[in-house]
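The values are calculated or read from the model by the stated rules, or taken from the named source; none is laboratory data. Computed from a predicted model, the values in this text were never measured in an experiment. Every residue, glycine as well, gets a Cβ built from its backbone with ideal geometry; the counts of neighbours run over all protein chains shown.
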Ligand SMILES: *Cc1c(COP(=O)(O)O)cnc(C)c1O
């Protein structure tokens, strides 16, 4: 289905992006800086009791780092490369957490030497490495969460451990001279069931209480990860509804005085600020009687659209040649990328409708593509260069 731009962007934002789009060759993403700023403010206003640590992997552009720095937000980082990039902008190390449970000893030392003192863990082996390479640091333990079925892009199976193990690790952390600091979870990205936070917060509460009563350890912090929504084709609740519900879950479990709360939004901060513009390379049929035409574009799974894997994320699609309402005939198509890999099909089960007149050279606009596009783009698969981005 083609989409109305004004459902996703204000008129002025859409015009600003389209004006820039006219100047450059496809494919590219245009990010509207003002929208990123608005989303940062919205996160802060809706979650006044939380600190915002941007999950850099969603989009590591320098312009976005500057926006987060200007707003005095923090960063959740996963590698030394991300650290170098953020540090080069002069970010205060106290506003950085090392949020990857999978890390080399040398990487832990690199973060520690740069002044970072907050580390996640979910295993004995990693905890021992943190104790050795980051003496005295604050450690928080990531727990497994439910919610894989209701998140469009699940994140909760690979990372985290069972609550029992989390408690063991926090007790061990203290014995190893580290500061047992808190608990983290990630309910899955683009999580549509707000109830997923309820269960996770209740588990965190049990960990806080048991550690206090049995080990005299007072945890200080809950890191609630990301999972907050961006606007794609399938509707979600508003951020305000997420915030009100999550606040209610927290107060139910922790009462009026909450521990330190950190949120790590990625998608919800940057996705809606972006539009990915692509060009139709070819339109064809597989047989004379085939019902669906194939539309090949100059982006695919390997050039920024990896989240179409399994058709997980369904981006709103807009086509200049035929705005909805013009009455032009449209038809269901299969949409695929330009590379010589047969996995490079964006949407085959889910059928977008495109104008019957669609032809080579027409431009397609994928909305809400500011997150997990440029950062996922292959460097040189089939020689295609990485996806470019421009800021307005
Ligand atoms: C990817 C990631 C995030 C961001 O998640 P979104 O759903 O994009 O907001 C936050 N925290 C951690 C640890 C992550 O890996």
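Residue-by-condition table, conditions (1) within 21 Å of residue 217 (Cα to Cα); (2) modelled with pLDDT of 95 or more; (3) touching a strand residue (DSSP E or B) at 6+ places or on another chain (Cβ under 9 Å):
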| residue | (1), (2), (3) |
| --- | --- |
| 114 | no, yes, yes |
| 134 | yes, yes, yes |
| 140 | yes, yes, yes |
| 147 | no, no, yes |
| 153 | no, no, yes |
| 167 | yes, yes, yes |
| 170 | yes, yes, yes |
| 173 | yes, yes, yes |
ask   = What residue, of 222, 275, 233, 217, is surrounded by 21 or more Cβ atoms within 10 Å (Cβ to Cβ) and more than 16 Å from the ligand (Cβ to nearest atom)?
value = 275
ask   = Among the residues of region 39-65, which ones are surrounded by 16 or more Cβ atoms within 10 Å (Cβ to Cβ) and in a loop (DSSP other than H, G, I, E, B)?
value = 47, 59, 60, 61
request  = Would you mind finding the one in 263, 258, 269 that is away from the ligand (no atom under 16 Å from the Cβ) and either buried (at least 22 other Cβ atoms within 10 Å of the Cβ) or not assigned by TED's automatic domain parsing to the domain that holds residue 358 (or both)?
outcome  = 258
request  = Scan region 190-197 and give yes if some residue there is in the same structural domain as residue 244 (by TED's automatic domain parsing), in a helix (DSSP H, G or I), within 27 Å of the chain's Cα centre (by Cα) and within 16 Å of the ligand (Cβ to nearest atom), otherwise no.
outcome  = yes
note = Within region 177-189, of all residues that are in contact with a strand residue (DSSP E or B) (Cβ under 9 Å, 6 or more places away or on another chain) and outside any strand (DSSP E or B), the one nearest to the ligand (Cβ to nearest atom) is 186
query = Looking only at region 238-267, which residues are touching a residue at least 12 places away in the same chain (Cβ under 8 Å), under 17 Å from the mean Cα position of the chain (by Cα) and part of a loop (DSSP other than H, G, I, E, B)?
reply = 264, 265, 266
message = Step by step: first the residues of region 359-381, then only those that are away from the ligand (no atom under 16 Å from the Cβ) and surrounded by 20 or more Cβ atoms within 10 Å (Cβ to Cβ), then the one that is modelled with the lowest pLDDT. Which residue is that?
response = 377
Pairs, first over 18 Å from residue 141 (Cβ atoms) in region 183-195, second within 7 Å of the ligand (Cβ to nearest atom) and modelled with pLDDT of 95 or more, C-beta under 7 Å, six or more apart = 188/227; 189/226; 189/227; 189/267; 190/267; 191/227
inquiry  = Given the options 81, 53, 98, name the one that is within 16 Å of the ligand (Cβ to nearest atom), free of Cβ contacts under 8 Å to residues at least 24 places away in the same chain and either closer than 21 Å to residue 221 by Cα or in contact with a helix residue (DSSP H, G or I) (Cβ under 8 Å, 6 or more places away or on another chain) (or both).
reply    = 98
ask   = If we keep just the residues of region 144-163 that are away from the ligand (no atom under 12 Å from the Cβ) and outside any loop (DSSP other than H, G, I, E, B), which is nearest to residue 234 (Cα to Cα)?
value = 161
note = Being touching a helix residue (DSSP H, G or I) at 6+ places or on another chain (Cβ under 6 Å), in a helix (DSSP H, G or I) and under 20 Å from residue 272 (Cα atoms) narrows 36, 68 down to just 36
request  = State whether one or more residues within region 291-298 are in contact with a strand residue (DSSP E or B) (Cβ under 8 Å, 6 or more places away or on another chain), in a loop (DSSP other than H, G, I, E, B) and crowded, with 24+ Cβ neighbours inside 10 Å.
outcome  = no
